[in-house]
Amino acid sequence: MQERVESQSLGNEIRDKVVSEVSRFVVGREKETEILLTCLIARGHVLLEGPPGVSKTLLANTFSRCLGLEFKRVQFTPDILPLDIIGGFVFNLKDREFEFRKGPVFTNILLADELNRAPPKVQSALLESMQERQVSVEGHTEKFPFPFMVIATQNPLEFAGVYPLPEGQLDRFMVKLNFKYPSVAAEASILERNLSDIEISEVKTVLTRDQLEELVKQVSQVKVSPEVLAYVAKVAEATRTVASLALGASPRAMVQLLHCSRAKALLAGRDFVTPDDIKEIAIDVLTHRLTIDRTAVTSGRSGNPSDILMSILDRVEPPR
């Protein structure tokens, strides 16, 4: 019992430390930082969408540094190849034999910058990496270090030179976060901080690897009652029956929602999931997995996926 209390306290303490340290360098992204930590200990991946210059890359870099994790960045371009990401066999002239040379995906946190500027063939090269946490090339398999997390950024589809991510790729991301322009107050603070040079190397490490492993272990021990499970199932069914959606949430999407909710509960200092945990994280976990019905679009009866999901969450009765 004492160990359980200490682990819950650890989750709450680490959350506050990470958010506080990242906030020293990235203004106004406290919620996004907490969700990144939630996904990391839930062993998920995150997709960040927004226009250039809204701190997507800075947040990913600062987040990894304050956790003391290895961080690598890949800039996705139209001419990038799968070999540039996952690696492959190259001929060693000294030993006169082929050897596997690891790509940048072999790290703790991989920033896939502007993922949707690469063609679909290259995007799909990340699929096995994200799902299986390993790479297989010509029968040779290499596993990734612990932890492994992909933080991908993408520009909105209306930007020039971007490719839409296929549904299979989108489904590999536990959460999608939309980065909007900062408020006037936040932007004023950003401008003030940039009057002097900001050294990213000054980010302090606030989490040890042992603490991170303990948090990941404790997520699997957070309890989910049968009533909450039934509530999640009802939400899933509602997304599949609403007329304005052509594609609702899959069982895998709901499993991801549960994992994320358990991590969220742990960081809040609890060892059980509440319906509020589900409702608070559902928009970020499910919205990018929902597809608007084209007939509803042409007839003017559709809204955006987040509004539809909000109406479903308001309509489905949670357990008391």
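Once C-alpha pairs closer than 8 Å and six or more residues apart are averaged by separation and normalised to the residue number of the chain, the relative contact order reads 22 percent.
Here the simple spin-label model places points 7 Å from the Cα toward Cβ, and for Ser311 and Ser124 these points are separated by 3.6 nm. Kirkwood analysis of the Cα pair distances in the chain returns a hydrodynamic radius of 21.0 Å. Close amide H pairs (under 5 Å, H built 1.01 Å from N) link Gly88 with Arg101, Gly103, residues at least 5 positions away or on another chain. Computed from the C-beta positions of Glu13 and Arg209 and an R0 of 22 Å, the FRET efficiency is 0.85 to the nearest 0.05. Once the Cα-Cα distance is subtracted from the 0.36 nm per residue extended length, the Leu81 to Lys223 segment shows a gain of 46.8 nm. For Leu177, the residues whose amide H sits under 5 Å from its own are Leu47, Leu48, Glu49, ignoring neighbours fewer than 5 places away on the same chain, with H placed 1.01 Å from N. Just to verify a number: FRET efficiency for Arg240 and Asp276, C-beta to C-beta distance, R0 = 25 Å, to 0.05? Efficiency, from the Cβ-Cβ distance: 0.60.
The calculated FRET efficiency for the pair Ile292 and Arg320, based on their C-beta separation and a Förster distance of 35 Å, comes to about 0.60. So what is the calculated 222 nm ellipticity per residue for the chain, using -39500 (n - 2.57) for each DSSP H run with n of 4 or more, over all residues, to the nearest 500 deg cm²/dmol? Taken over the chain, the calculation gives -13500 deg cm²/dmol. Among Val255, Val122, Val203, the residue with the largest mean-square fluctuation in a Gaussian network model of the chain, with springs joining Cα atoms closer than 10 Å, is Val255. Membrane-span-like helices in the chain (whole DSSP H runs, Cα extent of at least 20 Å along the helix axis, mean Kyte-Doolittle hydropathy of at least -1.0): 2-23, 226-241, 251-267. A simple spin-label model places pseudo-atoms 7 Å from Cα toward Cβ; at Ser189 and Ser20 they are separated by 1.5 nm. A 20 angstrom limit on the alpha carbon distance is what I want to check against. Which of Lys17/Lys143; Lys180/Lys264; Lys31/Lys176; Lys72/Lys143; Lys102/Lys143 exceed it? Those over the limit are Lys17/Lys143; Lys180/Lys264. Listed by chain and number, the aspartates and glutamates whose alpha-carbon sits under 13 Å from that of Lys234, ignoring those within fewer than 8 places in the same chain, are Asp314, Glu317.
Values quoted throughout were computed directly from the atomic coordinates according to the rules given, and no laboratory measurement underlies them. Everything quoted here is computed from the prediction, not taken from an experiment. In this analysis, Cβ positions are derived from the backbone assuming ideal geometry, glycine residues included, and neighbour counts consider all displayed protein chains.
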